[in-house]
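Peer 1: Below is the structure I would like to discuss, written out as structure tokens.
Read-outs: derived from the displayed coordinates by stated rules, not from any lab. Since this is a predicted model, take the numbers as computed values, not measurements. Every residue, glycine among them, receives a Cβ derived from its backbone with ideal geometry; neighbour counts consider all protein chains shown.
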Amino acid sequence: MGRIASVETFIVTLPRDTPYLGPLAAGEQVNDRGYVVRKGNGTIYPTVDRSIVVRVTTDAGLAGWGETYGICAPRATCEIINDLLAPVLIGADGSDVERLWDRLYGLMRVRGCTSGFHVDAIAALDIALWDLLGRERGEPLSALLGGRVRDTVPGYVSGLPAATLAERVGMARALHDEGHRAFKFAAVVSHEGVVEEMAALRGALGDDAELMIDLHWKFDPDEAIALAGRLAPYAPRFIEAPVSPEDMAGLARVARESPVPVAAGEEWYTAYDVANRLAWGGLAYLQPEMGHTGITQFRRIAALAADRGIAVAPHATIGIGLFLAASLHVSATLPHLWKHEWQHSIFARHLALLDGGMGYGEGGYRLPAGPGLGVEPNARFFAVAEALS
């Protein structure tokens, strides 16, 4: 591979009719920066879809693409890339991608930057460097990583963004009629009650549907265990993120005592973090998020899961599809994969910004076939992207 000659950052902002997770609840309002704080879990979300895209170009003119979280304060992540990370990468040989991840991570570890915006920034660059390596060798990313064990990646529908329980059940029923058989709903917007929503969905979709609940860190361990007991008669596949991310002991206790399997991990950035958490034991499903981890850490996290007999169920957040493509390529190589999240209200619209043929249908993802990620931004992307330097 040639040496890295330039790094460019872009913010992509796309409007949406209904805010992420669903319409505003009573007492929720959009602030003057375009954010809403969800009462259900006190978390801030934008009312648009937004992500950060990077392009890394070599002195031979070959370009690789990456992407990371741009949901909140995207200029902060772009500044980290442009001010701190890009100057270190310029002139480097990009072929040893894992070594470069370790080098960039080490720049700020003594300042406590072991997750958050700093590691998001590294994730975008890491994906772009892997994309470059695949393009240079003329091979899909999955081939670089040892080869696929499956040609399609099974998925599940995530989110029912409607205002009322009746509307959410109607949305799920319509998706079920289209052939979908696995669904996850968000407790943050279960305004009529989490158990009530679970019961209504089970009654509407029947026993053949797999149902999951994202609890969005709403509960303490006692509450989560009690809730799991009330949910158990409806046979959920798992409950996700039952307690706050800081409560490692509490999560382990819920995983041990819950009658429903527990999933977690979307906010765990590195194998260092995951190893510390898995030492507490108990998880049934690990949910790495490519937009946080990048390919290097995603693979290391998946290896930890394999060593402990934990199924991998990758998380998928707001993006245009570049880090989704990366996640799918890695997922296709994992024997211990369960299913991959499908954010139908996001990617059904956003994939129009990419060329490459990636898609979703019949309960699974169609992987792109070209070299590297197999997808790249098209003219529609450049019409909406804001370049920063």
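Peer 1: So how tilted is helix 322-331 from the main axis of the chain? Cα-based, degrees 0 to 90, rounded to 10.
Peer 2: Once rounded, one gets 80 degrees.
Peer 1: Put a dot 7 Å past each Cα toward the Cβ at Arg75 and Asn31; how far apart are the dots in nm?
Peer 2: A separation of 1.6 nm, rounded to one decimal place.
Peer 1: Between helix 116-137 and the chain, what is the angle of the helix's C-alpha long axis to the longest principal axis, kept within 0 to 90° and rounded to the nearest 10?
Peer 2: Once rounded, the angle reads 60 degrees.
Peer 1: What does the C-alpha gyration tensor say about the overall shape of the range 143-373? Classify as rounded when a/c is under 1.5, otherwise prolate if a/b is larger than b/c, or oblate.
Peer 2: Judged from the Cα gyration tensor, the range 143-373 comes out oblate (a/c at least 1.5, b/c at or above a/b).
Peer 1: Among Glu79, Glu266, Glu341, Glu196, which comes first, then next, by fewest other beta-carbon atoms within 10 Å? Please list the in-between numbers first.
Peer 2: Working: Glu79 15, Glu266 23, Glu341 26, Glu196 12.
Fewest-to-most Cβ neighbours within 10 Å comes out as Glu196, Glu79, Glu266, Glu341.
Peer 1: Can I ask one more? Which residue, Tyr285, Tyr234, Tyr269, has the most motion in a Gaussian network model of the chain that connects Cα atoms within less than 10 Å?
Peer 2: Maximum fluctuation in the GNM of the chain, among the listed residues, is at Tyr234.
Peer 1: While we're looking at this one, here's another question. Report relative contact order for the range 4-140 in percent, whole number only (criteria: Cα-Cα under 8 Å, sequence separation at least 6).
Peer 2: 29
Peer 1: Starting with the highest mean, order 174-182, 149-157 by the number of other Cβ atoms within 10 Å, averaged over the residues of each peptide.
Peer 2: 149-157, 174-182
Peer 1: Still on this structure, please answer the following. Please order Met1, Met212 by the number of other Cβ within 10 Å, starting at the fewest.
Peer 2: Met1, Met212
Peer 1: Kindly express, to the nearest 10 degrees and within the range 0 to 90, the angle between helix 165-177's C-alpha long axis and the longest C-alpha principal axis of the chain.
Peer 2: 60
Peer 1: Still on this structure, please answer the following. Can you spot the lysines whose alpha carbon is less than 21 Å from Lys39's alpha carbon? Ignore those fewer than 8 places along the same chain.
Peer 2: Lys184, Lys218
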